[in-house]
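The values are calculated or read from the model by the stated rules, or taken from the named source; none is laboratory data. Fair warning: this is a prediction, and the values are worked out from it, not measured in the lab. When we count neighbours, we look across all protein chains shown, and the Cβ atoms used for this are built from the backbone with ideal geometry, even at glycine. These accessible areas exclude ligands, DNA and RNA; they are computed on the full protein's heavy atoms, side chains included. Shrake-Rupley method; radii C 1.70, N 1.55, O 1.52, S 1.80 Å.
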Amino acid sequence: MLLLVLANAGYWAWSQGLLAAYGLAPAVQTEPQRLATQIRPEAIRLLTPEEARKIESGPSRVASAPEASEAAAPECLQAGIFNEEQTATLRSALDATLPPGTWQLESSVEPARWIVYMGKYSNEEALAKKRGELRQLGVAFRPVTNPALAPGLALASFPAQADAEKELARIATKGVRTARVTQERAEVRGQILKLAAVDAALRTQLDAVKPQLGGKPLQPCP
């Protein structure tokens, strides 16, 4: 017991540095020399989450604006089809407005469209009822684009009448009895306007030509 008490007392004296004069002391775990190398530690300030967000997002938004404008590459746009009279009017406007070489008019053909058709219905109530019946049969449909056929539904679209007739026979096996094949749109021949490289400057100039487009939108080239 006496030895145990003496051992504990010796360990406590060693851990407290009381035996350092005799060369007995634990290793120093602190590094006070690092404090001497600090530069203006009093200038350090902890930021609130809101302050940190402002500092992080503010400069990036300013810098991203020019980067976005620099990264915007020219794109190809087209519009049409235009008939002969529309093409002549459009060509005059393009010659007077846009730089040479930035545009061209190309011959194009929009094929006819044959549809498996249901209609024409007497009112919207009858149209809604038919939509419900087709959903129950699992048959897809869309509104017709030809005003002469509205209100009505197109169950399928094809460039050839024969293909539409085959689809009509297939749909009949699902329980559709009153559909028929009709032409929704005739073949259209004419010119399309193509602009191969529209940048920000050319896009601004296009505003002066939009009245001659006759409501046809400029869309990305296929």
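Among the residues of segment 144-171, what is the count of those that are surrounded by 13 or more Cβ atoms within 10 Å (Cβ to Cβ) and more than 18 Å from Val109 (Cα to Cα)? Looking only at that region, the number is 18. On the given criteria, is Lys210 charged (D, E, K, R) and without any contact (Cβ under 8 Å) to a residue 60 or more places away in the chain? The answer is yes for Lys210. Would you confirm whether any residue within segment 104-117 is in contact with an Asp or Glu (Cβ under 9 Å, 6 or more places away or on another chain) and under 12 Å from Leu213 (Cα atoms)? Within segment 104-117, none of the residues are in contact with an Asp or Glu (Cβ under 9 Å, 6 or more places away or on another chain) and under 12 Å from Leu213 (Cα atoms).
Looking only at residues of segment 125-140 that are more than 34 Å from the chain's Cα centre (by Cα) and farther than 19 Å from Ala172 by Cα, we find that the one that is surrounded by the fewest Cβ atoms within 10 Å (Cβ to Cβ) is Glu125. Among the residues of segment 75-125, the ones that are among the aliphatic types (A, V, I, L, M), part of a loop (DSSP other than H, G, I, E, B) and either touching a Lys or Arg at 6+ places or on another chain (Cβ under 7 Å) or on the phi > 0 side of the Ramachandran plot (or both) come to 1 in all.
Answer with yes or no whether Gln183 is farther than 25 Å from Ile81 by Cα, open to solvent by 40 Å² or more (accessible area, probe 1.4 Å) and out of contact with any Pro (no Cβ under 9 Å at 6 or more places or on another chain). Taking the combined requirement at face value, the residue does not satisfy it. In the condition set (1) under 34 Å from the mean Cα position of the chain (by Cα); (2) farther than 28 Å from Phe82 by Cβ, Val144 is compliant with all but (2). Let me spell it out: the conditions are (1) open to solvent by less than 50 Å² (accessible area, probe 1.4 Å); (2) without any contact (Cβ under 8 Å) to a residue 60 or more places away in the chain; (3) of a type outside the set (Val, Ile, Thr), and Leu195 meets all of them except one. Which number is the exception? The number of the failed condition is (2). Counted as qualifying within segment 144-222 are the strands (runs of 3 or more DSSP E) with 1 or more residues that are closer than 30 Å to Leu134 by Cα and of a type outside the set (Gly, Ala, Ser), namely 152-158, 180-185.
Of the listed requirements (1) of a type outside the set (Val, Ile, Thr); (2) more than 36 Å from the chain's Cα centre (by Cα); (3) under 28 Å from Pro100 (Cα atoms), Gly175 misses just one: (3).
Quick grid of which residues meet (1) touching a Gly at 6+ places or on another chain (Cβ under 8 Å); (2) among the β-branched types (Val, Ile, Thr); (3) touching a residue at least 60 places away in the same chain (Cβ under 8 Å):
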position: Gly138; (1), (2), (3): no, no, no
position: Asn146; (1), (2), (3): no, no, no
position: Gly152; (1), (2), (3): yes, no, no
position: Phe158; (1), (2), (3): no, no, no
position: Ala162; (1), (2), (3): no, no, no
position: Glu165; (1), (2), (3): no, no, no
position: Ile171; (1), (2), (3): no, yes, no
position: Arg180; (1), (2), (3): no, no, yes
